[in-house]
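S.K.: Here you go, one structure.
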Amino acid sequence: MSSSARARIAALLALAAVALMTSSSLAEKCQRSSQASNFVMSEHGRESSLVAEECHASMDYHPFPVEPYQVRSGWLRELSGIARSGLENDIFWGHNDGKVKTMFAIRLGNEESNDWYKFRHDHGEVIARAHLPTEIERQTDWEDIDSALCPDQSGRSCLWIADAGDNSKRRNRPRIHVVVEPELELEHETAGKGEFYDVHLCDDDVWTFQFEFEYGEDGVWNEGGSFDIEAIVTAPEGDKFWLFEKKQHWEDNVWGWPRVFESENVMEALENEERGSKFIEIKVKELLKFPRACEVAPEAWDWLSQPENSFWATEIIESESIASKIYKYKKLWEYGDRDGLKELFLNGTDCTKFPPIFSMITGASLHPKGTRLAIQTYAGAFEYKFSSPLNFSELETLTPRQLGLPRFDQMESIVYSHDGKSLYAIPEASTKKGWQKVQQIKCVAAGSLPGSFPSSLVPDTIPDDIFTSLNQTQEAEDLEESAVVRAVEEEEAEVEQQAVSPKKQVELPPFEGPRSIHPQGGSASYGSPGSPSRTSFSSFMNDFAYSNADPWRGPIAG
């Protein structure tokens, strides 16, 4: 053997040794769960843990969501899923879309929680980033997350991640990653500083379930097949989960009803699996197909199509830029281009005539009591009320209610609050910057919502330059936050190579919240007719949500 060959072999052996040492070092850094079996929800700041309730009887959801604060980070630019923590009130876990292996703990909540939340985190602040030991593969596509008990029957809290996206419908082995929820250091030195700390999870605290779909097609039962899944909910006991089909615009059956898939008993599958297996094989079978929500709950569309409400309908279309941001598949000419799409939106209540992307399912959340299901679509959120917990077979016949007016700001996440009376939704950042506004759908006293539309809040005439003004405001916001984008992109390129250490984020000036918050019984003032003084459509909607205005209320399911 030549000296050069021996040198090459020696170099390769040295590299292998370094890689082995690095791997061992990382393994030592992973944080094994110390979460106690049969955990009890944290009592931080309270005498007892929250008891989940429902928004019903004398309560009702406000038709307009509020946007009281932002996600205070540029790291969650493409937030695709969000779930309640099973350990801490007001803490939620979210993740980005696609080929990722990290999830982020975020503090959400509302102004009432400031009375009992004892830690330094602001609303919208990212507290920690958790790294899973799973591999990022060619077909990895994280889409949604939920929380429930762990499938090992230990009584611990787990996070269930749907690695099941398949836009091209070529994937035949979707996966569900189940990870023991990390216990957070809420008094960590990064708290309240616009920073977060890192946690590396261990293999012992992660299970990966792999499956093929079983489904019916043209009267024949099939195994295999590919479905794009972007929504998951899990039984609170951690023994079963449900997946919701999104569908894609290019499918032949794009107008067919979406499927709901149900897993077999996950606990039994885990018990029967051989120890040491990389993947736990389970069965996931089609449970039913159910009508698209907008077909059976058209009240909001009907309200928007009324001539007296054209102001709102036009604002939604223009401000959310549906034609350019959401309608991605370049077939606008089929609807008469942008003006034709706007005309269709203003005058139609039959959503089967709208572009199919409007009704695609992008997220889901199960009420803490298991009696309600929230479905997120690109055209807004809908809620279904079951007659008994986890009765998904009723979806074929239930009439949902739309939660607020349709929105088109790339919304792919939704989650019920810990008390069960509000919902949170966070859109993907329209320009991949992060710092998205958090939308809260609040449960309020129904008596405080008058049924008549307060015409005094709407200008008699809409000035010609109103949308120009809105666009200029958005451009100014884009320039203000451009520094965040550059800084995060530079840091993100090195994230997987760096050791565990707090990651500092570039701070924007403090977010001042909505333009104004009105006291009970107050009203908004937008200047003289013909010259509304708001700065953006979202702030206009926000002011309305804090007022007693109620332009539309859908029926309460059940």
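S.K.: Among the residues of the range 359-384, which ones are part of a strand (DSSP E or B), among the polar types (S, T, N, Q) and either more than 15 Å from ALA148 (Cα to Cα) or without any contact (Cβ under 8 Å) to a residue 60 or more places away in the chain (or both)?
M.R.: THR362, GLN376, THR377
S.K.: Now a separate question. Specify the residue that is least open to solvent (accessible area, probe 1.4 Å); the eligible residues are those in the range 161-197 that are part of a strand (DSSP E or B) and closer than 16 Å to HIS123 by Cα.
M.R.: Going through the qualifying residues, I end up with PHE196.
S.K.: Which members of the range 211-250 meet the condition of being touching a residue at least 12 places away in the same chain (Cβ under 8 Å) and loosely packed, with under 13 Cβ neighbours inside 10 Å?
M.R.: GLY224, TRP250
S.K.: For the range 59-90, give me the residue count where each residue is aliphatic (A, V, I, L, M) and at pLDDT 95 or above.
M.R.: Step one: filter the range 59-90 for residues aliphatic (A, V, I, L, M), giving 59, 66, 71, 76, 79, 82-83, 87.
Now drop any that are not at pLDDT 95 or above, which leaves 82-83.
Qualifying residue count, the range 59-90: 2.
S.K.: Also: Suppose we filter ARG173, ARG120, ARG138 for residues that are over 24 Å from ALA374 (Cβ atoms) and in contact with a strand residue (DSSP E or B) (Cβ under 8 Å, 6 or more places away or on another chain); which single one remains?
M.R.: Working: ARG120 fails: in contact with a strand residue (DSSP E or B) (Cβ under 8 Å, 6 or more places away or on another chain); ARG138 fails: in contact with a strand residue (DSSP E or B) (Cβ under 8 Å, 6 or more places away or on another chain).
Result of the check over ARG173, ARG120, ARG138: ARG173.
S.K.: Here is a follow-up. Which fully enclosed strands (runs of 3 or more DSSP E) of the range 229-316 have 1 or more residues being β-branched (Val, Ile, Thr), farther than 21 Å from ILE357 by Cβ and touching a helix residue (DSSP H, G or I) at 6+ places or on another chain (Cβ under 8 Å)?
M.R.: It comes to 280-289.
S.K.: Only residues that are of a type in the set (Ser, Thr, Tyr) and either at pLDDT 95 or above or within 20 Å of THR234 (Cα to Cα) (or both): list them for the range 91-132, please.
M.R.: Result: THR102, single match.
S.K.: Taking ASN38 and the conditions (1) buried (at least 22 other Cβ atoms within 10 Å of the Cβ); (2) at pLDDT below 85; (3) not β-branched (Val, Ile, Thr), which numbered condition does it fall short on, given that it satisfies the others?
M.R.: (1)
S.K.: Right, next: Name the residue that is nearest to VAL66 (Cα to Cα), counting only residues in the range 354-386 that are of a type in the set (D, E, K, R) and open to solvent by less than 10 Å² (accessible area, probe 1.4 Å).
M.R.: GLU383
S.K.: Give the residues of the range 68-104 that are open to solvent by 10 Å² or more (accessible area, probe 1.4 Å) and assigned to a strand (DSSP E or B), sorted by residue number.
M.R.: Passing the criteria: PRO68, TYR69, GLN70, ARG84, ASN96, GLY98, THR102.
S.K.: Please find, within the range 105-122, the residue that is nearest to SER168 (Cα to Cα) out of those that are buried (at least 23 other Cβ atoms within 10 Å of the Cβ) and in contact (Cβ under 8 Å) with a residue 40 or more places away in the chain.
M.R.: Here the answer is ALA105.
S.K.: Looking only at the range 41-58, which residues are within 25 Å of the chain's Cα centre (by Cα), modelled with pLDDT under 75 and open to solvent by less than 30 Å² (accessible area, probe 1.4 Å)?
M.R.: Correct list: SER42 only.
S.K.: May I pose another question? Every residue in the range 51-108 that is acidic (Asp, Glu) and in contact with a helix residue (DSSP H, G or I) (Cβ under 7 Å, 6 or more places away or on another chain), please.
M.R.: The answer is ASP60, GLU67, ASP90.
S.K.: I need the full set of residues from the range 132-165 which are without any contact (Cβ under 8 Å) to a residue 40 or more places away in the chain and among the aliphatic types (A, V, I, L, M), in order please.
M.R.: ILE136
S.K.: So, of the residues in the range 387-400 that are open to solvent by less than 10 Å² (accessible area, probe 1.4 Å) and either at pLDDT below 90 or hydrophobic (A, V, I, L, M, F, W, C) (or both), which turns out to be farthest from TRP93 (Cα to Cα)?
M.R.: It comes out as LEU395.
The values are calculated or read from the model by the stated rules, or taken from the named source; none is laboratory data. Predicted model only: the values in this text are computed from it and were never measured. As a convention, Cβ positions derive from the backbone with ideal geometry for all residues, glycine included, and neighbour counts pool all protein chains shown. Accessible surface areas use protein heavy atoms only, side chains included; no ligands, DNA or RNA. Shrake-Rupley method; radii C 1.70, N 1.55, O 1.52, S 1.80 Å.
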